[in-house]
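So the structure is just underneath, and the comments pick up after that.
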Amino acid sequence: MNLLSNLHKDARISYAELGRRIGLSPAAAAERMRRMEEAGIIRGYRVDIDREALGFSVMAVVRMSCEGPRYRPFLKAVKTMDAIAECHHVAGGDAFILKVVAANVDELERLVEKLLEFGVPTTSIVFSSPVEGPLMDLPARYWLTR
């Protein structure tokens, strides 16, 4: 797990430095990473992007109820909505939890209006994130086109 912890902090670390930190040779560190990639433990490497620097100053969490015949159309539509960075199907009172990024509140409002077609959205705007993971919080289509 020490290997994963070091990669989690810096995915660009060299095999030599990684090996030094975890007490392995560079070749052994590289081999261990290769085995983890083949086993599907390491699925990829990420870049931490500052969404605000790209002009996306609003982040929100949208809880979504979605019942019956609206369920499948929602699953199809949500994949095409650029403002949705994450979508999680959950148990409990809501069917989905969405992580949304937008340039401003007007853009967020337009998204929420689109979601009304599929159920009842409940929106919470994020003020700050005292604990945040290193994974990027923008859909790939945002940073691939900018």
With each run of n ≥ 4 DSSP H residues scored as -39500 (n - 2.57), what mean residue ellipticity at 222 nm is computed for the chain after dividing by its residue count and rounding to the nearest 500 deg cm²/dmol?
-10000 deg cm²/dmol
FRET efficiency for Leu75 and Asp48 from the Cβ-Cβ distance with R0 = 22 Å, rounded to 0.05, comes out at 0.20
The chain: longest stretch without exposed chymotrypsin sites (Phe, Trp or Tyr not before Pro) (DSSP loop, at most 10 other Cβ within 10 Å), sites themselves excluded?
46-126
Net charge near Arg43, counting Lys/Arg +1 and Asp/Glu -1 over other residues with Cβ under 15 Å of its Cβ?
+1
Please work out the FRET efficiency for the pair Glu67 and Glu132, using the Cβ-Cβ distance as r and a Förster radius of 35 Å; give the result to the nearest 0.05.
0.60
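State whether the range 62-118 is rounded, prolate or oblate according to the following rule on the C-alpha gyration tensor (a ≥ b ≥ c being the square roots of its eigenvalues): a/c under 1.5 gives rounded; otherwise a/b larger than b/c gives prolate, and the remaining case gives oblate.
Prolate.
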Just to be sure I understand: with springs between alpha-carbon atoms less than 10 Å apart, which residue in Glu86, Glu109, Glu17 has the highest mean-square fluctuation in the Gaussian network model of the chain?
Glu17
Between Leu24, Leu116, Leu54, which gets the highest mean-square fluctuation from a Gaussian network model of the chain, Cα cutoff 10 Å?
Leu24
Computed label-point distance, nm, for sites Glu37 and Ser57 using a 7 Å Cα→Cβ extension
4.1
Once each part is reduced to its C-alpha centroid, what is the distance from the range 74-94 to the range 18-50 in angstrom?
31
Hz values of 3J(HN,Hα) by residue in the range 87-103 - Karplus curve (6.51, -1.76, 1.60), Gly and Pro given as x
9, 10, 7, 10, 8, x, x, 9, 8, 9, 10, 10, 9, 10, 10, 8, 5
Virtual spin-label span in nm between Ile125 and Ala103, 7 Å along Cα→Cβ:
1.7
Looking only at Gly40, Gly19, Gly119, which one moves most when the chain is put into a Gaussian network model with springs between Cα atoms under 10 Å?
Gly40
Counting only other residues whose beta carbon sits under 12 Å from that of Ile13, what net charge do I get with K and R as +1, D and E as -1?
+2
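FYI, it's all coordinate maths here, none of it is from the lab. Model, not experiment: these values are computed from the prediction. No Cβ is skipped: glycine too gets one built from the backbone with ideal geometry, and neighbour counts run over all protein chains shown.
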